[in-house]
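The values are calculated or read from the model by the stated rules, or taken from the named source; none is laboratory data. Keep in mind the model is a prediction, meaning the values are calculated, not measured. Positions of Cβ are generated from backbone atoms using ideal geometry, with glycine treated the same way; all protein chains shown enter the neighbour counts.
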Amino acid sequence: MPRMTGDAPAELLRLRSSIDNIDAALVHLLAERFKATQQVGELKARSGMPPADPAREERQIARLRALAHDAGLDPHFAEKFLNFIIAEVIRHHEAIAGVDPRA
Ligand SMILES: C=C(O[C@@H]1C=C(C(=O)O)C=C[C@H]1O)C(=O)O
């Protein structure tokens with residue numbers, strides 16, 4: 001195991017404190033996003049619209065990939081992350097609409 005030298009522990013604590021703040025922000029942002037998508041799911045169910053909108057997803061992925069590229073984040077990771085979230089949203093929308101996922 002590498003030895004901790006100088007003020008490495010303090011530096012590690014400082015960085016982890018920043019990571020903890022970022023993780024908290026991510027949780028709050030995701031909670032707000034799911035509140036909005038929940039309302040979209042209810043609106044779609046009321047209007048008889050399908051749970052998924054692949055054309056909208058395609059535009060979001062292209063946009064997020066470009067933003068990730070400009071921000072120095074791996075665009076492939078950004079796409080996987082968004083797809084992971086969208087899959088969960090669609091699952092919620094199917095449940096709201098009473099769609100049986102096994103059907
Ligand atoms: C939220 C929507 O429903 C679905 C979920 C999306 C999302 O989480 O961003 C995008 C498109 C849809 O497949 C929507 O149509 O806007």
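Only a single criterion out of (1) over 14 Å from the mean Cα position of the chain (by Cα); (2) surrounded by fewer than 11 Cβ atoms within 10 Å (Cβ to Cβ); (3) modelled with pLDDT of 95 or more; (4) under 18 Å from residue 41 (Cα atoms) is not satisfied by residue 98, namely (3).
Within the stretch 26-39, not a single residue is among the hydroxyl-bearing types (Ser, Thr, Tyr), in a helix (DSSP H, G or I) and more than 17 Å from the chain's Cα centre (by Cα).
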